[in-house]
Amino acid sequence: MDKLSIKNILKFISITEIALSVFFLLPVLTGYIYHENANNFLIFDIVCLILSVSIFYTLRNHKVNLTIKEGILSVNLVWILLGFMGAFPLVIYTNVDLSSGFFEAISGFTTTGATVYSDIESLPKMVLMLRSLTHWLGGMGIIVLGVGLFSLINPSGSLALFKAESTGIRTEKLTPKIKDTALRLWGVYALITLLDIIALKLEGMSLFDAINHAFATISTGGFSTKNASLGYFNDNSIIIWTTTFFMLISGINFLAHLRFFYNDMSGYESEEVVWYIKIFIFLSTALSLIHYFDTTDSLYFSLTHGFFTISSILTTTGFVTLNYEHWGHFAVAVVFIAMFIGGNTGSTAGGMKVVRYIVLFKSLIIEIKKILYPNAMFNLFLNGSKVKENVLSATAGFFILFVASNAFLTLYLYARGYDALTSVSAAIACVGNIGPGFGGVSPVDNYSFFSWYDKIILAIFMIVGRLEFYTVVLLFTKSFWKKF
């Protein structure tokens, strides 16, 4: 790797870490508000800020022109740094080891929501705020934030980073400059978060709980301030339904929300959104009826928790109100289906994404037609536009990587001695950035029982899932490093 590439990468990382250090002042402030000893946290944050500013100042006259390779490498390096930067305050204030702190931080930033803590309510308020903040920053993408801020200083190379971080089968932008799109997306993201905070506060949550749960909801993360997660608020069904709604809209492409503010409803009319809503209604209704007929609970109670559970799992948020593992095998099967689907591309949700299933299903139909009509010509259309061959091959490749990653992690965990259900569901929950699963990682359990190296492996696969495979897999190819 030449000096130019190193300078390009370091300058981007420095501005991203500066932004992160500024945001980290929020949990520090929270500590002081609640009379906690936040001095060590503040010192740590100041040291990180000084180091980042020093690097940026040293490279202040360096004009950056990031290539796609440099963008991909920058993305991967930033996510590793995020893990360590988020881990140290946890190690200092909660007595967990570095591997557990790294796992928790990566789980936060990737919006997975898997935790190593069994007693959440005993944690300092500043730590709870830190966990929720990692969700909120990771939700829309710390890299997209970096692109927006970095572009204000030097616009070169921004699209390379946006492509490396953004999810979905293609990259869209609504404004001529990518920084404008990134910053406006963050504006919409912040506005929806604020609306959720206000709603939760008016419905009875404390301001602290409202902020934390809104951060975790809009980011589809799932960290709660309560041991029982949203189940703590089961006596207030309005809070449950409000969270269900905000999780659902957070699983929709945020470009659709951005278009809405331009009086353009076309984003909500896309095939992906339509199928996403259909799948949500179908699975929610099925789970609700299963719960209703197998228990003595009322229909309203069953609908409340059935719709909440599917919204939480489908969007990979991971909040829980009841232990759905006790609802019977049919209910578990329905939840498993939701785990494999995910939300929309361009949303904060993880998973396979609905649009990829649409493309794969349409490809399958075309292949069947080709067998019946070998001389006919068929094209695949999505939202009225022809899908290019490279998109089809990339989608098929993604599906293979998704299945292979889950299979590899499942076999690794099973070989380590964990039972089959725990191994399978922990793999899906981490790769899909969901959080809770079944068996040892059920909604009422946590990931603390894994060994330190298992936690590192699981955290790495969270990053792999968050960056949607290609961005990480490319690092292990010779051609990627050839020109460095």
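Values in this text are rule-based calculations from the coordinates and carry no lab data. Note that the structure is a prediction, hence the values are computed from the model and not measured. For neighbour counting, all protein chains shown are included, and Cβ atoms are generated from backbone atoms with ideal geometry for every residue, glycine included.
Dimensions of region 208-310 from C-alpha coordinates, computed as largest minus smallest value along each principal axis and given longest first, are 46, 35, 18 Å.
As a proxy for reagent exposure, C430, C48 were ordered by neighbouring Cβ count within 10 angstrom, fewest first; the result is C48, C430. Here region 349-477 yields Rg over Rh of 1.09, to two decimals, using C-alpha coordinates and the Kirkwood radius. What is the list of residues in region 312-347 whose amide nitrogen lies under 17 Å from a point 7 angstrom out from the Cα of A420, following Cα to Cβ? Residues 329-330, 332-333, 336 fall inside that zone.
Cα extents for region 338-419 along the principal axes, largest to smallest and rounded to whole angstrom: 53, 31, 22. Using the structure shown, select from K63/K388; K125/K455; K353/K386; K125/K353; K3/K388; K353/K478 the pairs with a Cα to Cα distance greater than 27 angstrom. Correct reply: K63/K388; K125/K353; K3/K388; K353/K478. A helix-only calculation puts the chain at -21500 deg cm²/dmol for mean residue ellipticity at 222 nm, using -39500 (n - 2.57) for each DSSP H run of at least four residues, averaged over all residues.
Residues whose amide H lies under 5 Å from that of L382, counting only those 5 or more places away or on a different chain, are V387; hydrogens are built 1.01 Å from N in the peptide plane. Site pair Y470 and K369 shows an inter-label distance of 2.5 nm when each label is modelled 7 Å from Cα along Cα→Cβ. Orientation-averaged projection of region 86-136 equals 2.9 nm² [convex hull of Cα atoms, one quarter of hull surface area].
Using the alpha-carbon positions of the chain, Rg (one decimal) and Dmax (whole number) come out as 21.9, 76 Å.
Note on D97 and K226: with the Förster distance fixed at 22 Å, the Cβ-Cβ geometry gives a FRET efficiency of about 0.35.
Over all other residues within a Cβ to Cβ distance under 12 Å of T111, the charged ones net out to +2, with Lys and Arg as +1 and Asp and Glu as -1. Each part reduced to its alpha carbon centroid, region 253-274 and region 438-473 end up 32 Å apart.
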